[in-house]
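One structure below.
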Amino acid sequence: MNVLALTLYGLYLLVGFVARTLIQLRRTGDTGFRGLSGRPGSAAWFAGIAFVIALLAGFAAPMAGVAGLDPMGAMSAGWVQALGLVLAALGIVFTLAAQVRMGEQWRIGIGLDETTELVTSGAFALVRNPVFTAMGLTAVGLALLTPNAVAVVALIALVLALELQVRIVEEPYLRALHGTIYADYEVRVGRFLPHVGTARTTDPAGAAKTEAGATSGHADAVAAVSPVRKLV
């Protein structure tokens, strides 16, 4: 199972990052890569550090299993690993599907000098961050497939990275950039799961902005959260 988990992890990186970048390059002539950065000590910086830890630990977990690290207690049961295999496979497929749904708006990182459209159709009509949801599903599956202490670290680091990135970095940026459009979207659609994490009321600052004023709000957002980076 450790070798299988390592293979799936490699496939996940290939599909979710390499293949999607090549698709973007072929469609637009641009890789969509804007970089990951943040002022040291900022939320964006901690999100980036946690994401790097998650990637490294995700690779290290099956390698540790191959080297002889024992799985944790009852988690070594065959049905647990089988469930992990199914979840990881589904997560990989859903990650690419959600990324492709973004079309030309897909980015690794946020370009502060450009304005992208807000995608609200397909999977984005169910949750606001389906790519991150799919990444989380993949991480849970891989953790169940190789249920050792390193896999737990990888999962916790990823959850922390995604929570920081979305709640503290991206959502304030998108509210300022898209104004009432995003404010209404928050009220209707859950953050990572359907109907979970919706805004109770429309953000007053966002409601005050009109769609025509969203461009000027972009400059305010850059000043407020710069440097801002979106992972996927």
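In the neighborhood of T198, defined by Cβ-to-Cβ distances under 10 Å, what is the net charge if each Lys or Arg adds +1 and each Asp or Glu adds -1?
My count for the surroundings of T198 gives +3.
Starting from the exponent 0.38 and prefactor 2.2 Å, build the expected Rg for segment 2-166 from its residue count and divide its actual Cα Rg by it.
On the way: Rg = 16.4 Å, N = 165, 2.2 N^0.38 = 15.3 Å.
After normalising by residue count via 2.2 N^0.38 Å, the value is 1.07.
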_What percentages make up the Cα-Cα pair-distance distribution of segment 126-180 when the bins are 10 Å wide from 0?_
22, 42, 24, 10, 2
*Karplus 3J(HN,Hα) series, Hz, for segment 66-79 with 6.51 cos²θ - 1.76 cosθ + 1.60 (x for Gly, Pro)*: 4, 6, x, 5, 6, x, 8, x, 5, 5, 7, 4, x, 5
*Arrange the following residues from fewest to most other Cβ atoms within 10 Å of their Cβ: E163, E171, E117, E186.*
E117, E163, E171, E186
*Any idea what the relative contact order of segment 2-166 is, in percent, if you count C-alpha pairs under 8 Å spaced at least 6 apart?*
38
*Consider a paramagnetic label point 7 Å from the Cα of M75 along Cα→Cβ; state which residues of segment 116-142 have an amide N under 14 Å from it.*
139-142
*asked:* Can you list residues from other chains, or at least 5 along the same chain, whose modelled amide H is less than 5 Å from the amide H of T198?
replied: R191
*Roughly how many nanometres apart are two label points built 7 Å out from the Cα toward the Cβ at R200 and L83?*
3.3
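FYI, it's all coordinate maths here, none of it is from the lab. Note that this is a predicted model, so its numbers are computed, not measured. Cβ sites come from the backbone with ideal geometry, for glycine too, and all protein chains shown count toward neighbours.
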